[in-house]
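Notes follow the structure.
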Amino acid sequence: MKFAIVFTVEKSQGDMEKMSVLLSTSIRQHMPNVDVYCGLFTQNYLSDSIVKHLNQLNVNLVVDQQFEAATPPFNVFLRAYTKYYFSNLLLGQYDYLIYLDVDTLLLKSLSFDFDPTDKIILVDQMPDWVKSFEGTYTKMPSSNVYYSWIDIINKHNKYLYDLDYTSKEVQYGKNSDFIISKMIDESPLQKIQQTIGAYHCLHPLTLDSQVIHYDDFGKDGSLINLKKTHPDTYNRYDLLLKRVLGVININKEGLWESRMKQYS
Amino acid sequence: MINVKIGGGVQKYELILLWNLKHKDLIQDLQITYYDMPNNCAWNGGRVNRTIELTERMISTFNRYNFGFCLGFTNNVILDVGDEVGNKLLQMVSGDNNPNKLHGVVLCSETLRRYIRKNYSELKLTYSITGHPTTDKLDFEGYYQELEEKYDVIVPKYSHLPKVLELLEAGKLDGSKYEILVNDNCNVTCQFYSEHFAQISHLNSSMKHPWEEQPEKSYHIEIKPKTKAGPIKKEANCVQDDIKHSQLQRFYDTGVRHFKISGRDLEDVEFEFRLPEHLTELKKIEVCNSIHS
């Protein structure tokens, strides 16, 4: 089965564009031949140095649209649009696509013990402590709430691309997440609980983890768990961060670790 | 009976009321449905949102005159199916507010379609002309048959019409499901078809009052992709293009009874002048048909 990896990035938020180099480096390290597409859909085009890195890593830069990034919901729109765009452009050419948030790192080659072209959807169930935390800001449903930062996009589920729960105070798209979670439960799609990766604080990293999801460097915990479980990998990326990308990674417990302690 | 969907139901509401009185004879044998994209809803698409408000009184008037009303929820990236404005609008055209079962939604998002089908099942769903891809390299039969399974009515892209007509005449598509846009604004050769509508979707999703906030971008949105060779200026090239009478007749003969007249950005005077022309044209087809039969 043929698949490609897709993601999107823009030069608008701190070190976001540098994260795309980390992501692409990790993809190439474990999957040298997979096709990778990076959507550049905003007027905030990448820095020349970042373009150079991505070209060297053989990432296909797809330039289109030039949306004007302005208001807070924009990132939500951009992620949803990226899945919409690539599912229209590439499904057919590929059996399925893997969408990754730009702040992820592959720790090994992506492989699945289920059929990624079947009627499936990857879900990550919201833990009880997040529900407790969120419950202080908004009414939480008693039913399941899913979120996802890695999506398998195939012809069966390519439309459910707006599942993107980020658990931060009053979030844009919250109603959507609740309703979409319900729609998934009522759909014929088989739910695959996400076991291929680790959110940096929700699921502690293990040596078997295939992917790590981190947030902004230094603010929300960043690569702290990676250092504990994959020291060699951590050292390699830390070097890349410091020497090549000019980013200082402050490895401290972040917002989510403190919230987890508070609400668990 | 011929069904005609007419744009501007909210923006040109007052004009429409007068117009209906003036052209009572012209519309008496037609099932009229108005449509518009009101209340700066994030789900709106097709054109940049402007501040126009759909009211209960308008819906009540449409009901009294047995007109349908369709919401133009044609944003192709729906971010929040729980959107309060969108759901309020859906409630305004459904349940007791839809006694004649004529109201509906024009849309192209699969997520929104599933949501509305489940929660507002009585509403008629029309696949928007804005939802088609830029490329015309499609398996037309499979593409439209899939849409037939999902939607009550489908508006084909203008450049698809010859192929759709061929498939309708060959009995491979269901004519009762198709709505033909009589006056299209889009150039059939436009290379930025879906891109243009994506830009509008983004503006409507990300701004509360995009028409007022970015008036210089309201009519034509420039799409300027940057390539390895450097930026190329792409500009949506819009024209007014009316479908020919003979072609309309052929669609009618295959069972097509839904037609659409776009009001997108038409001035009031132009709207008032063009509408009777189009309706007269459509009525002629039915008259011709009854004479022949």
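The values are calculated or read from the model by the stated rules, or taken from the named source; none is laboratory data. Computed from a predicted model, the values in this text were never measured in an experiment. Every residue, glycine as well, gets a Cβ built from its backbone with ideal geometry; the counts of neighbours run over all protein chains shown. When the accessible area is computed, the model is the full protein with side chains, heavy atoms only, and any ligands, DNA or RNA have been set aside. Shrake-Rupley method; radii C 1.70, N 1.55, O 1.52, S 1.80 Å.
A few comments on the model shown:
- Here the label points at B:Ser176 and A:Ser142, each 7 Å from Cα along the C-beta direction, are separated by 4.4 nm in the simple model.
- Interface size, chains B and A: roughly 2700 Å² of accessible area buried, both sides included, 1.4 Å probe, rounded to the nearest 100.
- Given 16 as the ceiling on other Cβ atoms within 10 Å, longest exposed-site-free region of chain B for chymotrypsin sites (Phe, Trp or Tyr not before Pro) in DSSP loops: B:66-218
- Volume of the Cα convex hull of chain A, divided per residue and given in Å³: 120
- Cα principal axis extents for segment A:21-152, largest first, Å: 47, 40, 27
- Checked against a 28 Å cut-off, the cross-linked pairs A:Lys131/B:Lys118; A:Lys139/B:Lys88; A:Lys228/A:Lys261; B:Lys24/B:Lys118; B:Lys118/B:Lys244 give Cα-Cα distances beyond that limit for B:Lys24/B:Lys118; B:Lys118/B:Lys244.
- Taking 0.36 nm per residue of sequence separation and removing the Cα-Cα distance, the A:Lys155/A:Gln56 pair yields an extension gain of 32.5 nm.
- Shape class of chain B from the alpha-carbon gyration tensor: rounded, with the ratio a/c of largest to smallest axis under 1.5.
- Accessible carbon and sulfur surface of chain B relative to its total accessible area, %, 1.4 Å: 50
- Working from label points 7 Å from Cα in the Cα-to-Cβ sense, the B:Ser121 to B:Asn20 distance is 3.0 nm.
- Residues whose amide H lies under 5 Å from that of B:Phe73, counting only those 5 or more places away or on a different chain, are B:Val106; hydrogens are built 1.01 Å from N in the peptide plane.
- A Gaussian network model of chain A, with springs between Cα atoms under 10 Å, assigns the largest mean-square fluctuation among A:Lys119, A:Lys228, A:Lys139 to A:Lys139.
- Positive end of the dipole of chain B (Cβ unit charges, origin at the Cα centre): among B:Leu275, B:Gln145, B:Val164, the Cα lying farthest that way belongs to B:Gln145.
- Here the convex hull built on the C-alpha positions of segment B:122-192 has a volume of 97 cubic angstrom per residue.
- When +1 charges are put on Lys and Arg Cβ atoms and -1 charges on Asp and Glu Cβ atoms, the dipole computed for the protein assembly as shown relative to its Cα centre reaches about 580 debye.
- Accessible area of chain A belonging to carbon and sulfur atoms, whole % at 1.4 Å probe: 48
- For segment A:174-194, residues shielded by at least 50 square angstrom of accessible area compared with the chain on its own, probe 1.4 Å: A:Ile179, A:Met183
- Farthest positive-ward along chain A dipole, Cα basis, beta-carbon charges - from A:Met1, A:Ile192, A:Ser258: A:Ser258
- If R0 is 25 Å, the Cβ-Cβ spacing of B:Ser60 and B:Met1 corresponds to a FRET efficiency of close to 0.60.
- A:Ile192 long-range amide H proximity, modeled H, under 5 Å: A:Ile121, A:Leu122, A:Val123
- Accessible surface, the protein assembly as shown, averaged per residue in Å² (probe 1.4 Å): 42
- Between A:Gln210, A:Gln65, A:Gln125, the residue with the greatest mean-square fluctuation in the GNM of chain A (Cα pairs under 10 Å linked by springs) is A:Gln65.
- Once you reduce segment B:160-190 and segment A:179-251 to the center of their Cα atoms, the two points are 48 Å from each other.
- Rounded to whole Hz, the Karplus (6.51, -1.76, 1.60) HN-Hα couplings of segment B:26-36, x for glycine and proline: 5, 9, 5, 9, 10, 8, 9, 10, 9, 9, 6
- With the simple spin-label model, which puts each label point 7 Å out from Cα in the Cβ direction, the B:Lys244 to B:Asn100 separation comes to 3.5 nm.
- Calculated mean residue ellipticity, 222 nm, the protein assembly as shown: -10500 deg cm²/dmol, from DSSP H runs (n ≥ 4) at -39500 (n - 2.57) each, averaged per residue and rounded to 500.
- In segment B:72-102, burial by the other protein chains removes 50 Å² or more of 1.4 Å probe accessible surface, compared with the chain on its own, from B:Asn76, B:Val77, B:Leu79, B:Asp80.
- A:Arg236/A:Asn88 FRET efficiency (R0 56 Å; Cβ-Cβ; nearest 0.05): 0.95
- Estimated dipole of chain B in Debye, rounded to 20 [Cβ of Lys and Arg +1, of Asp and Glu -1, Cα centre]: 320
- When the convex hull of its Cα atoms is projected in every direction, mean area for segment A:1-99 (nm²): 6.1
- At q = 0.13 Å⁻¹, base-10 log of I(q)/I(0) for the protein assembly as shown (Debye sum, equal scatterers on each alpha carbon): -1.34
- Amide H contacts under 5 Å for B:Ile52: B:Asn39, B:Asn40, restricted to partners 5 or more places along the chain or on a different chain, H placed in the peptide plane at 1.01 Å from N.
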